[in-house]
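Comments concern the structure below.
The values are calculated or read from the model by the stated rules, or taken from the named source; none is laboratory data. Quick caveat, the model's predicted, so the values are computed rather than measured. Here the Cβ positions follow ideal geometry from the backbone for every residue, glycine too, while neighbour counts run over all protein chains shown.
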Amino acid sequence: MIGVKLSLRLQEIYNLINVRTIADIGTDHAFLPIALIENGKCDFCVAVDIAEGPLRIAQKHIKERGYEAKIMTCLNDGIPEQYEVEGIVVAGMGNDTAISILNKADLSKYKQIIVQINTKTNLLRSWLSKHNYTIKDESICFDKGHYYEIVSFDTSHHEQYPDSEIYLGPILMQKRGDSYLKYLNKRLTQLMKIAEYNSEVNSELAFIKEYLNKEKAG
């Protein structure tokens with residue numbers, strides 16, 4: 001059977017995972033858990049989804065590959081507590097939904113928590129900062145016409161992040177990748193238009209301008 005092919009977004013999430021057991025919240029068709037088992041990156045996964053339809057398709061994909069003992073499926077609107085895993089992935093949803101899921105869980109039991117929300121990742125970082133959690137890694141990719149930021153964190157204590165890092169991402173700022181710089185330039189163009197009638201974006205706009213100017217200066 002042909003190995004599962006991940007989207008660029010899921011591949012970036014896959015690349016960040018550094019634990020051997022994980023629960024994928026909002027798994028859809030379980031492509032991420034299947035890839036993790038298929039390539040030996042994880043020993044055990046839980047594929048979790050709120051919808052029965054996608055979960056049935058996930059079960060079919062898992063059974064076709066004979067992974068029933070290595071990938072459990074769970075119908076749940078959050079993080080199931082009955083499974084012992086080292087990490088969780090919460091991806092492909094809005095900020096309010098993701099934060100609601102995180103708020104209901106005891107996150108201290110996990111070594112790695114990866115979150116990818118579809119827009120306004122600064123709101124996620126702000127929530128992490130208020131809880132004094134530590135952002136351990138970040139990634140960004142361009143997939144199907146959209147930029148996705150992915151944040152990996154744990155609950156070890158960190159001083160609150162400055163606003164510049166909440167908007168731009170502390171690890172992304174250090175990495176200075178091509179996708180990140182393209183994203184910032186696109187975001188700069190968007191914000192300059194919005195700033196003409198909405199001053200609420202001025203802070204983010206200023207942080208992006210400052211960062212890009214420093215990059216140009218070398």
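Key figures for this structure:
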item	result
Test: residue in region 111-119 that is of a type in the set (Val, Ile, Thr), modelled with pLDDT of 95 or more, surrounded by fewer than 20 Cβ atoms within 10 Å (Cβ to Cβ) and over 29 Å from residue 69 (Cβ atoms)	no
Among (1) acidic (Asp, Glu); (2) at pLDDT below 95; (3) within 22 Å of residue 15 (Cα to Cα), the one test that residue 77 misses	(3)
Count - residues of region 13-25 that are of a type outside the set (A, V, I, L, M) and crowded, with 21+ Cβ neighbours inside 10 Å	1
Helices (runs of 4 or more DSSP H) lying entirely in region 26-111 (those with 3 or more residues that are among the β-branched types (Val, Ile, Thr) and closer than 27 Å to residue 140 by Cα)	95-103
